[in-house]
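Notes for the one structure printed next.
No value in this document is a laboratory result; all are computed from the given coordinates. Since the structure is predicted, the reported quantities are computational estimates derived from the model, not experimental observations. As a convention, Cβ positions derive from the backbone with ideal geometry for all residues, glycine included, and neighbour counts pool all protein chains shown.
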Amino acid sequence: MQYDQNVLTRTERRIFALRTLYSRAGYRSYRMRKFEDYDLYSRNKDFLLSDRVITFTDTNGKLKALKPDVTLSIVKNIEDSPDIVARLFYDENVYRVSERTNSFREIMQMGLECIGAADNQAAAEVISLAEQSLALVAEDNDYILRVSDIDLLIFILEDMTDSRALQSDLLKLAGEKNLHEISRLAAANDIPEEKCKTLIGLLGLYGDPEEVMPKLAEICRGTVAEAEVSELQDVLDRFYAEKERTGAGHGRHIVLDFSIIGDVNYYNGMAFEGYIDGIPECVLVGGRYDRLMRRMKKKSRAIGFAVYLDTLGMLGRTAGDQAIESFFGSYSAGDEEEQ
């Protein structure tokens, strides 16, 4: 029996296709409550996209909050098992302020988390699934997955100055690729010119990983970031090896761009963002968040991403959702029963 895709909305079809992709990759569906103790979010406000949270008082007088984020809830509730890998995916509604309307909205979000023994092989797997997710939801539009390494930036910044405030200022400028202001700020604070050149050289890199990585290795040779370059290369090698083995993903849609930054109190290592031609905003965000696990008193490592389904609504209608239709064509009711 084949599913009749005409009974589903466009968003439902995207969700169904993504659920199929993740299930076939060995991820299991994870469900959670719509609300958590407000304390979870008040202690981690800088992790959230917005610190404005909808709250209410429970019958026992305890302050609760409608869920503004999925990852925090998963990390809080999942068992800490650093020696095994938990592969989870979710489609949940979150409640937060929309940047477009500046008002609270119920926002549909879908994504996956790889938690536990989330090593470089797991990171390569997640990157591959992020690229395949973009291919599905982009329909016949072009897309790109920008990949960075936050630790590379941090190591270089820490080598430039011991001042946390100055590191923060330089990190913000790095995210903006404001090379002129970086040079000015470095000179004003007596940072050696060669160390400033390393940062500027890093931010000047952009493009296909196979072309960029040799240049990155040259820029970082002999610096504190050299070991992290090897770590990033290992993840990419595993990604391309897996792609060649399975035929999944394309690789040509991945570019390295080291201006992607995140809150260093939570994130580390690889970070990535997905964009689709025709949408001026990021539609997929992910990365490694081992530091968040430590803040939550857990030893596991973790990496994952989220697809912003509401942002996909900005995509103009096309002649047909060919990538998604191929999933419907090969996915039967019997397949669903086995999962």
Computed over the chain: longest principal axis from alpha-carbon atoms vs helix 193-203 long axis, angle to nearest 10 degrees, is 20 degrees
How large are Rg and Dmax for segment 143-276 when calculated on the C-alpha trace, in angstrom? 15.2, 52
Dipole check, the chain, charges on Cβ (K,R +1; D,E -1), about Cα centroid: among 60, 118, 313 the Cα furthest to the positive pole belongs to 60
Least to most buried among 282, 114, by other C-beta atoms within 10 Å and fewest first, runs 282, 114
Residue order, fewest to most beta carbons within 10 Å, for 115, 191: 191, 115
From phi via Karplus (6.51, -1.76, 1.60), per-residue ³J(HN,Hα) for segment 214-225 in Hz, x at Gly/Pro: x, 5, 5, 4, 5, 4, 9, 4, x, 9, 5, 8
Could you give the nm distance between label points at residue 277 and residue 57, where each point is 7 Å from its Cα heading toward the beta carbon? 5.6 nm
Where in the chain is the longest stretch that carries no trypsin sites (Lys or Arg not before Pro) classed as loop by DSSP and with at most 11 other Cβ atoms within 10 Å? 101-220
Placing +1 on the Cβ of each Lys and Arg and -1 on the Cβ of each Asp and Glu in the chain, which of 260, 44, 240 has its Cα farthest towards the positive end of the resulting dipole? 44
If you take the charge dipole of segment 143-276 about its Cα centre, with +1 on Lys and Arg Cβ and -1 on Asp and Glu Cβ, which of 220, 178, 163 is farthest toward its positive end? 178
Angle, helix 164-176 long axis vs. longest principal axis of the chain, Cα atoms, 0 to 90°, nearest 10? 60 degrees
What do you get for the angle between helix 179-188 and the principal long axis of the chain? Use alpha-carbon atoms, 0 to 90 degrees, nearest ten. 40 degrees
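If I take every Cα pair under 8 Å that is 6 or more residues apart in the chain, average their sequence separation and divide by the length, what percent do I get for the relative contact order? Spell out each step's value before the answer.
Numbers: 565 pairs, mean separation 81.5, N = 339.
That works out to 24 percent.
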For a paramagnetic label modelled at 7 Å from the Cα of residue 43 toward its Cβ, which residues of segment 76-99 fall within the zone defined by backbone nitrogen distances under 18 Å? 76-81
Short to long, in 20 Å steps from zero, the percent of alpha-carbon pairs of the chain per bin is 29, 58, 13, 0
Using a simple charge model, +1 on the beta-carbon of Lys and Arg, -1 on the beta-carbon of Asp and Glu, nothing else, what dipole does the chain show about its Cα centre, in debye to the nearest 20? 1160 debye
Normalised by the number of residues in segment 167-270, what is the relative contact order in percent for Cα pairs under 8 Å and 6+ residues apart? 32 percent
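In deg cm²/dmol, rounded to 500, what helix-only [θ] at 222 nm does the chain give when every DSSP H run of at least 4 residues adds -39500 (n - 2.57) and the total is split over its residues?
Values: 14 runs with 148 residues, N = 339.
My calculation for the chain gives -13000 deg cm²/dmol from helical runs alone.
The chain: longest stretch without exposed GluC sites (Glu not before Pro) (DSSP loop, at most 14 other Cβ within 10 Å), sites themselves excluded? Walk me through the intermediate numbers first.
Values: sites that count: 79, 99, 281.
Excluding the exposed sites themselves, the longest stretch runs over 100-280.
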Label-point separation, residue 221 to residue 295 (7 Å along Cα→Cβ), nm: 3.8 nm
Residues 162, 277, 234, sorted so that the one with the fewest Cβ neighbours within 10 Å comes first: 162, 277, 234
